[in-house]
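Working notes, beginning with the structure itself.
The values are calculated or read from the model by the stated rules, or taken from the named source; none is laboratory data. All values derive from a computational prediction rather than experimental measurement. Glycine gets a Cβ as well: all are built from the backbone with ideal geometry, and neighbour counts include every protein chain shown. Surface accessibility is based on the protein's heavy atoms, side chains included, excluding ligands, DNA and RNA. Shrake-Rupley method; radii C 1.70, N 1.55, O 1.52, S 1.80 Å.
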Amino acid sequence: MTDHPTLPAPRIDRRAALRRSAALLGGLACLPAGAGPAGSTAAAEPTPPTHDMSAFPAHWHGSERISLLVYPGFTALDLVGPQYMLAGLMGAKLQLVAKTREPVRSDTGLVVVPDVSFEDSFERPDILFVPGGGQGTLDAMRDARTVAYVRERGRAAGQQVSVCTGSLLLGMAGLLKGRRATSHWITHGVLADLGAQPVHERVVADGPLLTGAGVSAGLDLGLALVAQRRDRLYAESLQLLAEYAPEPPFQAGRPDTAPPQARALMETMMRGLVAEMRSEATRAQ
């Protein structure tokens, strides 16, 4: 993206302008100006923004506290897509949360560094976000501390949000009983085992619960959540900034449009994992 020439600076607070500019660039919405992760103080004042923010209405600035869970073996795109959208919420504070502040490796080897541990995370977040995964999610379903964190913070949160098999962790924490929810298409049976009502849709809302389907649906969920928290124009502007206009080379992204051979391959590959997830869900119930 190419920046426009600098326009005359609007008569607004410089620090507020910096925060808003950084937010809409998908960067540091979770940080006060001049601060780094976990409240650390930066050595120097950030460079003033070159973007004209004067046309942005004042009501677009919020104050959400958003906790995003990470755990060993999570799927990176489940997290990164929604995190990009949520980081664009002007005024919001985001934190990556894990058992400890040690680096966490995703299922494809991408490593992220949490901002806070379970104990130091927001006690009453406005949004608790849970990504999914494969074996990593199954391990998390079996981990008492992780499930307890999701249960405690999920009950305290204003909104519970997940992508892909992250909804199974919400279910293990008892947050899906009787509620409409989605997950990766291959794990809808596990949702039912956890007492949810599986829905084959890209993004499903049930009161404060918002769940997304597999992996790439996190981008759609993120935009839907931004529209909820601000308005449609805000979400559309962020979508344009991200140039999110998918045109996949194949139409195999859903089980009903994929070639039967591709679906059979995936079902065979995932059969053992899904069986273990269903066993764990049944045990938890």
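Data for the structure
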read-out	value
Charge sum, other residues only, whose C-beta stays under 13 Å from G207's C-beta, Lys/Arg counted +1 and Asp/Glu -1	+2
Heavy-atom accessible area ranking, 1.4 Å probe, most first, across H61, H200	H200, H61
Rh (Kirkwood; distinct C-alpha pairs) - the range 48-207, Å	16.2 Å
Heavy atoms of D120: accessible area, 1.4 Å probe, square angstrom to 10	110 Å²
Heavy-atom surface of the range 88-223, accessible at 1.4 Å and reported per residue (Å²)	36 Å²
Total formal charge among the other residues, if their Cβ is under 12 angstrom from that of A98, Lys/Arg +1 and Asp/Glu -1	-1
Translational diffusion of the range 145-219, µm² s⁻¹ [Kirkwood Rh, Cα pairs; Stokes-Einstein; 4 °C; 1.567 mPa s]	110 µm²/s
Accessible-area composition of the range 129-239, carbon plus sulfur, in percent [1.4 Å probe]	50 percent
Added length on full extension, which subtracts the Cα-Cα distance from 0.36 nm per residue, R142 to E267	42.7 nm
Efficiency of FRET between R151 and R254 - r from beta-carbon atoms, R0 45 angstrom, step 0.05	0.90
